[in-house]
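Single-structure report; data block below.
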Amino acid sequence: MRILKELNRRTSIKTKGVLYVMLLIVVIYISVSIIVLSSSRKNLLMQRKQFHLSIAEKLAINASDAIISEDFGFLMEQIRQLKDSGQIKNARVIDKRGIIVASDEVGNIGRFDRYLSGLLSKTARPGDTESDDCSISLPIEIDGDLLGALSLTFDTEREDRAFAKDFHKTMLQLFYLSLVIFAFGIGGSYVVSLLMTRPITNLSKEIEEFEKEISYTDRGAEGNSLYKDETEQLRQVFYHMLETLRRYLSEFRRVSEEKERLTCMAAIGEMSAQIAHEIRNSLYAIRGAISGIEKSKENAEVQEYIEIIKDEAVEMSMMADNFLRFARLPAPSPVLCNIIDVLDKVTELLEPDLEESGVHVVYDRDVRLPLVMVDPALMKQVFMNLFINAIQAMRKGGRIDVKFSTSDRWLEIHVRDNGPGIAEEIAVKVFQPFFTTKNDGSGLGLATVYKIILAHHGEIELLKSRTGAYFLIKLPLQNNSDLTVAHVGRKNKATF
């Protein structure tokens, strides 16, 4: 069994296909040949018996006429012709007394034939015959009256030679047919096997090319498989690709972790530099104020310098609070929540700012959305930051559109305004901590938004837009059919 399995692996599908088809053709050919030859032999034997019977019946008709007219010349001539043509070997005709009245041997005429007379003595019905492969005997009668009987012996050796000739011709035809079947079978099986294995071979090559692309190495001698079976080759290539992918993913994971550490260190370094810069500026101001206090002799000037020290200390304290608030952002406490309710709360809190700036927040409050597992307080902070940035960007009024869409995994929230937008060269930096284009900005608003969304296992990105800023937020959906929110049944002041 093990040897057969190994042989199967080392044989290509094309070769096995041809062999299997040939084996099937041989089995079918042998079966059909046996059936055809057996049927042909049976038909030939039956035809020979029918031929013998037809000769005997014709001769019996002529014999009945000869017995009635007692003129046996024509009957003897017919017997002689049948014998000369080789259709019969000998013949005897008797009358109802059992006397031979016609025969291929003249010396037998007038003799008593015991065998045929015995046939007459039987209670034979019309049409009864006694025959074997080489002879046939039957009564001669007219309208049920027995007139005599006849016996014919046929030259079976000559007939067997003719039979063998016909049988040989049939076998030769079957042989030619087998050559045609084998030729078409081999060609057809090869073409079919080639058509079946070509996709497998192409897939194996594509996997090898893909493996080279991701591994940047050539397998060389390893790529030459010992097996000829295309499915076995595909299995080897596939498993080799899996090993390469595992190594690649392991390396990718290591590089990603290292990159993440370097990114964190870079972010910490950047934040530290920003904090150090701000602290240094404040310290310069405090040192200058202290120097002024030391030199000043008037209380008014001393009080002015003290106010400067207080202001700088407050700014340093606020900066430290912002940094700590960003660094110590609490972990979300998710509950099943309807995003529409969060947006309602945010627009309610920002209503004075929206009215003062002439900005309208537009979203469909009647839309049916699936519930999501989020922390409402943190999500409120997300939309507060996005809306405040849009309000500050649109000094002369504008519009903030919020639209929703769903997929198999995500609830997608599209937040878009019609303000001046964000330049492409700074779009990649908007989520970095302490990056801001505002003179009085902390640079932690969008960084906080990014951190909150990631904490909810979601995604946020800034999309390209011809006008305004366009943010796409993706929140993961829960695998629960009961989380679809009911119709809200409220109307917003502004709708799409």
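In this structure, is Ile186 surrounded by 13 or more Cβ atoms within 10 Å (Cβ to Cβ), under 20 Å from the mean Cα position of the chain (by Cα) and in the same structural domain as Gln87 (by TED's automatic domain parsing)?
Criteria not met by Ile186.
Answer yes or no: is there a residue in region 34-42 that is part of a helix (DSSP H, G or I) and over 19 Å from Thr170 (Cβ atoms).
Scanning region 34-42, I find no residue that is part of a helix (DSSP H, G or I) and over 19 Å from Thr170 (Cβ atoms), so the answer is no.
Which members of region 333-378 meet the condition of being in a loop (DSSP other than H, G, I, E, B) and either touching a helix residue (DSSP H, G or I) at 6+ places or on another chain (Cβ under 7 Å) or farther than 16 Å from His456 by Cβ (or both)?
Leu350, Gly358, Tyr363, Asp364, Arg365, Asp366, Val367, Arg368, Leu369, Leu371
If you go through region 138-165 one residue at a time, how many are in a loop (DSSP other than H, G, I, E, B) and surrounded by fewer than 22 Cβ atoms within 10 Å (Cβ to Cβ)?
Counting residues in region 138-165 that are in a loop (DSSP other than H, G, I, E, B) and surrounded by fewer than 22 Cβ atoms within 10 Å (Cβ to Cβ) gives 3.
I need the full set of residues from region 409-433 which are in contact (Cβ under 8 Å) with a residue 60 or more places away in the chain and either on the phi > 0 side of the Ramachandran plot or exposed (fewer than 12 other Cβ atoms within 10 Å of the Cβ) (or both), in order please.
Within region 409-433, Arg409 is the sole residue that qualifies.
Just give me the residues in region 442-496 being at pLDDT below 60, charged (D, E, K, R) and in a helix (DSSP H, G or I), in sequence order.
Residue satisfying the conditions is Asp482 alone.
Tell me, which residue of region 42-56 that is surrounded by 12 or more Cβ atoms within 10 Å (Cβ to Cβ) and of a type in the set (D, E, K, R) is modelled with the lowest pLDDT?
Looking at residues that are surrounded by 12 or more Cβ atoms within 10 Å (Cβ to Cβ) and of a type in the set (D, E, K, R), I get Arg48.
With the checklist (1) modelled with pLDDT under 85; (2) touching a Cys at 6+ places or on another chain (Cβ under 9 Å) in hand, flag the one item Ser85 doesn't pass.
Single failed check for Ser85: (2).
Are there any pairs with C-beta distances below 9 angstrom linking a residue in region 454-480 that is in the same structural domain as Ser407 (by TED's automatic domain parsing) to a residue that is among the polar types (S, T, N, Q), with the two at least 6 apart or on different chains, and if so which?
Thr467/Asn418; Gly468/Asn418; Ala469/Asn389; Lys474/Ser407; Leu477/Thr406; Leu477/Ser407
Please work out if Ile290 is touching a helix residue (DSSP H, G or I) at 6+ places or on another chain (Cβ under 7 Å) and modelled with pLDDT of 70 or more.
So Ile290 fails the test.
The values are calculated or read from the model by the stated rules, or taken from the named source; none is laboratory data. Not measured: the values here are computed from a predicted model. Positions of Cβ are backbone-derived with ideal geometry, glycine not excepted, and every protein chain shown enters the neighbour counts.
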